Amino acid sequence: MKLFLFKKSELNQDKKKQRNKNRKLLILSGAMLGLSFPPFPFPFQFLMFFALIPFFFVIERKKTLLELNKAMFLTAFIFCVIGVYWVGSWQSKADPFLMAGGGALLFFLPTLYMIISTLYYLTRKLFKEKAALFLFPLLWVTLEHLMAITEFSFPWLTLGQGLSYFTLFIQIADIVGALGLSLIVLYLNIFIYKSILLFKEDRKRSAYWVSMAGVLFGAVIIYGTLRVNTIKLDGKTIRVGVIQPNIDPWEKWKVTGLKPILSNYFELSQRAVNEKIDLLIWPETALPVYLLNGGYSNHVDSIYSFIKKNNVYLLTGMPHVEFYFDKDNHPNDAKQGAESDFWYRTYNSVLMFSPYNKSISRYGKMKLVPLGEHTPYVDKIPFLGDMLKWSVGLSGWNFGQDTSVFKMLSVNNGSPAQSPRLNDTISLSGIVCFESVFPDFVAGFVNRGAQFITVVTNDSWYGKSSGPYQHKEIGVLRAVENRRSVVRCANGGVSCIINPIGITEKETELFKRTYLTGDVKLNSDKTFYTKYPLIVPVISMAFSMWIIGINILIWMKKKFKL
């Protein structure tokens, strides 16, 4: 059965030519969107400012909802294939479920984009078509926000997050955020489209719209230039050591002993602490065990011994489990044990070890990867949890409960000290992997006092594809939005230090066993975006809900002759 987009119909020669032309334009739009995202280099990002122009030429001629949705699906499909083809991993060791999920995503995501075309169709019923086009950006941003707040959350292809290489342009994200950047990009596309559309028949109006595009683009660049040249980055710093062990993620969970893995970490960590660091960072799920469940006390003691000897804090990703033995008093999301006499919750966590005492701070990941770390709606349809599960056993994490901020005492940039400076406390966030993709979520940690952002991750599942590079570049937007340094520690790369301007100061190569050290700039000031991260998405959502509401009222009035 042929895909509905290409279903044959009786068309005359002229209509067939127009149909083929439309398809080429839609494919061109999708391709330009995909190519404007990392890892394609900086000049390619300019494609984003023109990418939707071919799409607009097509949809402005479409009249029915079906025609609009077909057009949107084709463009979004090409965009998603180029942008997130890597999700299935497609390696010889890849889990079959991961590959199936990645393939399904390439069709599921474009379907979601039809929410935009449906809203656009409803908008055209209330406004003149020319006016409706100028409301299109709000509809697009509505979808980008929706993709961040549902159980199927996957806001990876937010347009604003694709602009990380364009340093001057993204500086305004400290006011409008990544979704605000999307809005700006979409309006630039519309202004240029209107200029092209009017070029032959009305040069004066054409010049007006190209001028509007120039003014908008110029204002963003001027703002970016001013911010880059006026932000002070010479304040207080902390020196960090980032460990990239490059452990095979498919094999790690099969290891029966921790000694070789810990030896790998300690050897790299010693090289880092020799460069006088304050904080040591290990990646996501650094060890393939529930380290604090009581069965690994010797290994825990060896970690304490190392950090105490070297007077350094350790922040590490780590699986964590909590047990409950009272059948009448346990959390609702706790799972029952195999012996049915206990309950437990497991978390993809971050732990903070201190060299001064044996208290351990902990944060449980709150944004879990749909179908990878959590099965959507498994609480309502329990058997899905058994059907949809990675062979490496990562699909059953519980959701973390709070945006915890870690605190550490200054240890004088790694210099030997008899005791910490009790009045000099540093606050940091411990973001886990996929969580860094959510702009307002990360802003929540900064609002809680984080002076810099750490991201522990394991992108090695996806090989040398676009995924690890895109994930690293998304961290650039989080740095600019909040004016916070971002330190990424990845199992196999890309590990890096990004400054508050969004410039990557140091980074590692993919799939290289290594470490890096560097001074991380601290900041306690909050940007406008940090304080008000939901202004752009709320305005967009409110408009879209208004469009839906008015259309429902009009339908009810006709249906029931009110």
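Using only the heavy atoms of the protein chains and a 1.4 Å probe, how would Met541, Met212 rank by accessible area, largest first?
Correct descending sequence by accessible area is Met212, Met541.
Which is farthest toward the positive dipole end of the chain among Gly162, Leu198, Pro537, measuring Cα position about the Cα centre, with Cβ charges +1 (Lys, Arg) and -1 (Asp, Glu)?
Selected residue: Leu198.
What residues have an amide H closer than 5 Å to that of Gly518, excluding those fewer than 5 places away on the same chain, when H is modeled at 1.01 Å from N in the peptide plane?
Residues meeting the amide H criterion: Val240.
With the dipole of the chain worked out from charges on the C-beta (+1 for Lys and Arg, -1 for Asp and Glu) around the Cα centre, which of Asn298, Leu25, Cys80 lies farthest toward the positive end?
The Cα lying farthest towards the positive end belongs to Leu25.
Nearest 0.05, what FRET efficiency do Gln91 and Lys259 give at R0 = 30 Å with Cβ-Cβ as r?
It comes out at approximately 0.60.
With +1 assigned to the C-beta of every Lys and Arg and -1 to the C-beta of every Asp and Glu, and no other charges, what is the dipole magnitude of the chain about the Cα centre in debye, to the nearest 20?
2460
Running Debye on the chain with equal point scatterers at the Cα sites and no solvent, what base-10 log of I(q)/I(0) appears at q = 0.09, 0.13 Å⁻¹?
Values, matching the q order: -0.73, -1.35.
If packing is taken as the average number of other Cβ atoms within 10 Å across a peptide's residues, how do 314-323, 194-203 rank, most packed first?
Output ranking for 314-323, 194-203: 314-323, 194-203.
When Lys and Arg each count +1 and Asp and Glu each count -1, what net charge do the other residues less than 10 Å away from Arg239, Cβ to Cβ, add up to?
Neighbourhood net charge equals -2.
Restricting attention to segment 269-328, which trypsin sites (Lys or Arg not before Pro) occupy a DSSP loop and are surrounded by at most 14 other Cβ atoms within 10 Å?
Lys327
Cβ under 13 Å from Leu262's Cβ, Leu262 left aside: what net charge do those residues give with Lys, Arg +1 and Asp, Glu -1?
0
Quick one: grab Rg to one decimal and Dmax as a whole number for segment 229-306, Cα atoms only, in Å.
Taking only Cα atoms of segment 229-306, I get Rg and Dmax of 15.8, 53 Å.
Below 8 Å, C-alpha to C-alpha, sequence gap of six or more: please give me the relative contact order for the chain in percent.
16
Can you give the angle from 0 to 90° between the axis of helix 535-560 and the longest principal axis of the chain, with both taken from C-alpha atoms, to the nearest 10?
It is inclined by approximately 50 degrees.
Give the Kirkwood hydrodynamic radius (Å, one decimal) of segment 439-562, defined as one over the mean of 1/r across all pairs of different Cα atoms.
16.9
Just read off the accessible area of Lys365 with the full protein assembly in place, 1.4 Å probe, to the nearest 10 Å².
Estimated to the nearest 10 Å², Lys365 gives 0 Å².
Determine the dipole magnitude for segment 120-211: charges of +1 sit on the beta-carbon of Lys and Arg, -1 on that of Asp and Glu, nothing else is charged, the reference point is the Cα centre, and the result goes in debye to the nearest 20.
640
Compare the Cα positions of Val446, Thr237, Phe217 along the charge dipole of the chain (+1 at Cβ of Lys, Arg; -1 at Cβ of Asp, Glu; about the Cα centre) and return the one farthest towards the positive end.
Phe217
From the helices alone, meaning DSSP H stretches of at least four residues, give me the mean residue ellipticity at 222 nm for the chain, per-run term -39500 (n - 2.57), in deg cm²/dmol to the nearest 500.
-14500 deg cm²/dmol
Quick check: the angle from helix 136-146's long axis to the longest principal axis of the chain, C-alpha only, nearest 10 degrees?
30
Over the chain, give the accessible area per residue in Å² for a 1.4 Å probe, as an integer.
That works out to 44 Å² for each residue.
Please get the size of the charge dipole for segment 266-341, origin at its Cα centre, with Cβ charges of +1 on Lys and Arg and -1 on Asp and Glu, quoted in debye to the nearest 20.
460
The values are calculated or read from the model by the stated rules, or taken from the named source; none is laboratory data. Remember, it's a predicted structure, so these values are computed and weren't measured experimentally. With ideal geometry, Cβ positions are generated from the backbone for all residues, glycine too; neighbour counts draw on all protein chains shown. Protein only, heavy atoms only, side chains kept; ligands, DNA and RNA dropped before computing areas. Shrake-Rupley method; radii C 1.70, N 1.55, O 1.52, S 1.80 Å.
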